[in-house]
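Undergrad: Just dropping this structure here.
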Amino acid sequence: MSTSLYEEKKTIEAIPGAYEIVDNQPHLVGTQCSTCGAAFFPPRYICSYCLTDEGVQKARLGNKGKLYSYTIIHVASKEFNPPYAFGFVIIEPENIRIPTVLTGFDLDEELKSGTEMEMVIETLRHDEHGNEIVSYMFRPVVR
Amino acid sequence: MREVAVIGVGMTNFGKFLETPIKELGRRATWDAIKDAGISPKDIQIAYVGNACLGIITGQAMVLGQIILKEVGVRGIPITNVENACASGSSAFREAWMAVASGMYDIALAVGAEKLYAGDTKLSTKALSGGSEVEYEANLGLTMPGHWALRAKRFMEKYGTTKEQLAKVSVKNHKNGCLNPRSQYKKPCTVEEVLNSPMIADPLTLLSCNPLGDGAAAAVLVSKDVAAKYTTTPIWVAASALTTGSYDLDREISRNQLEEVAGKQAFEMAGIGPQDLDLAEVHDCFTIAEFMRVEGLGLVPEGEYGKWLDAGLSEIGGKLAVNPSGGLLAKGHPVGATGVAQVAEVVWHLRGEAGERQVQGATVGLAHCSGGGVASDTPACCVHILKK
């Protein structure tokens, strides 16, 4: 089978630079203010509280947290394939809310607020050219 | 700051008008408002036109206001297009109010016009997702009903609100919509029908979400001196407030703080309290939204709206009529048109022209629109209080 350059399928990050992988562990990449300690994801380069860019630096954020709220989305834009679970996870120790697709559980199963979650990188969808769009997601921690 | 009066309003029927050009919807509403005011198009000195979704639905991402207003002979004057998601129309109204209140202009026009129905729910959903950060939440698959479902889950957990209580918002507003000839839906529904309609984003079903539709509305705003020349029954803009979110990533999402602030600002400016209102047109894009907003704006004590619904206190003839027009849930929500349509509804009630749905003896009404969902907060909240 001949493969031309144009037919190669790519892997694309849904939000470029949203995460980095360190020692096989994915981490969100945000910013943190060294003055007040506030963390931001996506990165904000001017602290919303101190209102300065001084001491605001890129930061590797936590990859674990607790489920805050979630829903099963049944109707979506054409790029997506519902049903899928979407929620907010509060990551620790930064204590900020991250919007995320939830994975790794049966949609019929009910997750309780406060469920411990961990971050993974998985396929979010495929685009119209067949490229794989990947993103950070969170799944319940299996004990 | 000068006093500003609304002397003319117009509104198309709301519904699915796939074959009707936007300029025709806009023209009909604007011409009705001009005729209602008794002015000539040449009297209009400045205009603001709200729209949110056309860039995605038809590709008309620019100069909509100029396109509509040339159809009614309004040319040569300053025309500004206004976008603030679901609050686009109310933000256009606020700009027109500021233009007159500031003393810069005596006669201003506010228009809201929208086509959201596309015969393709996925395309409409994409257009609405533009109310969130497209390169972030929307890109990950969070839809607008999804935003509200997440708030609903927190709200229900915090206040013990039941799915049945949420559904009662839709039942009430559909009942009101039956009395409004301009309403997209004029069909009653039951709690069971709301709960058993197809799931959109758990716990929000199809009948818990506003329908997709098209339409336009317009209002003529003038200074006190001008009002006296045209009418003996001006409706006064007693307050206007516009706020944005905090985007704090640790805030509680079962409360909308920007609405608490806007409500306080508006009541302070009007010099009245929530108890003085006879009706409120509140942005019920989803059943949960009416809960969060009547409580956030201070119209109903925190956590009590479920009891209000159980007791019928927000029905027409109740303690405070909430969404007598049918609200977004039944009357419809052509996004950019809604804010101006709410003003038209309040004006009709205060003039005693609201027909079968008339709130008897109404003298003060509130119109509220909030738009979008960004960083799990709301980017725009616009409140107006109108009085006789």
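Undergrad: Evaluate the following for B:Ala61: is it out of contact with any Pro (no Cβ under 7 Å at 6 or more places or on another chain), within 25 Å of B:Ala99 (Cα to Cα) and free of Cβ contacts under 8 Å to residues at least 60 places away in the same chain?
TA: yes
Undergrad: Now for a separate question. Could you tell me whether B:Ile107 is away from every other protein chain (no Cβ under 14 Å) and either in contact with a strand residue (DSSP E or B) (Cβ under 8 Å, 6 or more places away or on another chain) or under 30 Å from A:Phe40 (Cα atoms) (or both)?
TA: Values: away from every other protein chain (no Cβ under 14 Å): yes; either in contact with a strand residue (DSSP E or B) (Cβ under 8 Å, 6 or more places away or on another chain) or under 30 Å from A:Phe40 (Cα atoms) (or both): yes.
Spelling it out, B:Ile107 is indeed away from every other protein chain (no Cβ under 14 Å) and either in contact with a strand residue (DSSP E or B) (Cβ under 8 Å, 6 or more places away or on another chain) or under 30 Å from A:Phe40 (Cα atoms) (or both).
Undergrad: Continuing with the same structure: Taking the criterion of being within 14 Å of chain A (Cβ to nearest Cβ) and at pLDDT 95 or above, would at least one residue in the stretch B:182-191 satisfy it?
TA: Taking the stretch B:182-191 and keeping what is within 14 Å of chain A (Cβ to nearest Cβ), we get none.
Within the stretch B:182-191, none of the residues are within 14 Å of chain A (Cβ to nearest Cβ) and at pLDDT 95 or above.
Undergrad: While we're here: Which one of these does A:Thr52 not meet: (1) assigned to a strand (DSSP E or B); (2) away from chain B (no Cβ under 14 Å)?
TA: Every condition holds for A:Thr52 apart from (1).
Undergrad: Now, a different point. For the stretch B:62-75, indicate whether the set of residues that are surrounded by fewer than 24 Cβ atoms within 10 Å (Cβ to Cβ), acidic (Asp, Glu), out of contact with any strand residue (DSSP E or B) (no Cβ under 6 Å at 6 or more places or on another chain) and within 14 Å of chain A (Cβ to nearest Cβ) is non-empty.
TA: Within the stretch B:62-75, none of the residues are surrounded by fewer than 24 Cβ atoms within 10 Å (Cβ to Cβ), acidic (Asp, Glu), out of contact with any strand residue (DSSP E or B) (no Cβ under 6 Å at 6 or more places or on another chain) and within 14 Å of chain A (Cβ to nearest Cβ).
Every residue, every condition in (1) within 14 Å of chain A (Cβ to nearest Cβ); (2) at pLDDT 95 or above; (3) crowded, with 24+ Cβ neighbours inside 10 Å; (4) under 30 Å from B:Asp36 (Cα atoms), yes or no:
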{"position": "B:Thr162", "(1), (2), (3), (4)": "no, yes, no, no"}
{"position": "B:Asn173", "(1), (2), (3), (4)": "no, yes, yes, yes"}
{"position": "B:Leu207", "(1), (2), (3), (4)": "yes, yes, yes, no"}
{"position": "B:Gly213", "(1), (2), (3), (4)": "no, yes, yes, yes"}
{"position": "B:Asp225", "(1), (2), (3), (4)": "no, yes, no, yes"}
{"position": "B:Trp236", "(1), (2), (3), (4)": "no, yes, no, yes"}
{"position": "B:Ala239", "(1), (2), (3), (4)": "no, yes, no, yes"}
{"position": "B:Arg255", "(1), (2), (3), (4)": "yes, no, no, no"}
{"position": "B:Gly271", "(1), (2), (3), (4)": "no, yes, no, yes"}
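Undergrad: Quick one: in the stretch B:181-209, which of the residues that are in contact with a Ser or Thr (Cβ under 9 Å, 6 or more places away or on another chain) and assigned to a loop (DSSP other than H, G, I, E, B) is nearest to A:Glu109 (Cα to Cα)?
TA: B:Asp202
Undergrad: Suppose we filter B:Lys126, B:Lys172 for residues that are assigned to a helix (DSSP H, G or I), touching a residue at least 60 places away in the same chain (Cβ under 8 Å) and under 24 Å from B:Gly50 (Cα atoms); which single one remains?
TA: Going through B:Lys126, B:Lys172 in turn, the sole match is B:Lys126.
Undergrad: Here's another thing I want to ask about it. When the residues of the stretch B:129-160 are filtered to those that are small (Gly, Ala, Ser) and more than 17 Å from B:Thr378 (Cα to Cα), which remaining residue is surrounded by the most Cβ atoms within 10 Å (Cβ to Cβ)? First the steps, then the outcome.
TA: Restricting attention to the stretch B:129-160, the residues satisfying the condition of being small (Gly, Ala, Ser) are B:129-132, B:138, B:141, B:146, B:149, B:152, B:160.
Then drop every residue that is not more than 17 Å from B:Thr378 (Cα to Cα), which leaves B:141, B:160.
Values: B:Gly141: 25, B:Gly160: 10.
Of everything passing the filter in the stretch B:129-160, B:Gly141 is surrounded by the most Cβ atoms within 10 Å (Cβ to Cβ).
Matching residues to (1) modelled with pLDDT of 95 or more; (2) within 11 Å of the chain's Cα centre (by Cα); (3) farther than 20 Å from B:Asp250 by Cα; (4) assigned to a strand (DSSP E or B):
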{"position": "A:Lys78", "(1), (2), (3), (4)": "no, no, yes, no"}
{"position": "A:Pro99", "(1), (2), (3), (4)": "yes, yes, no, yes"}
{"position": "A:Phe105", "(1), (2), (3), (4)": "yes, no, yes, no"}
{"position": "A:Leu124", "(1), (2), (3), (4)": "yes, yes, yes, yes"}
{"position": "A:His129", "(1), (2), (3), (4)": "no, no, yes, no"}
{"position": "A:Ile133", "(1), (2), (3), (4)": "yes, no, yes, yes"}
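Undergrad: Look at A:Lys10 and say whether it is in contact (Cβ under 8 Å) with a residue 24 or more places away in the chain, more than 14 Å from every other protein chain (Cβ to nearest Cβ) and surrounded by 12 or more Cβ atoms within 10 Å (Cβ to Cβ).
TA: So A:Lys10 does not fit the description; no.
Undergrad: Taking the stretch A:108-122 on its own, how many of its residues are assigned to a loop (DSSP other than H, G, I, E, B) and either touching a Lys or Arg at 6+ places or on another chain (Cβ under 7 Å) or surrounded by 12 or more Cβ atoms within 10 Å (Cβ to Cβ) (or both)?
TA: 4
The values are calculated or read from the model by the stated rules, or taken from the named source; none is laboratory data. Just so you know, these numbers come straight off a predicted model, no measurement behind them. Cβ coordinates were reconstructed from backbone atoms using ideal geometry, including for glycine residues, and neighbour counts include every protein chain displayed.
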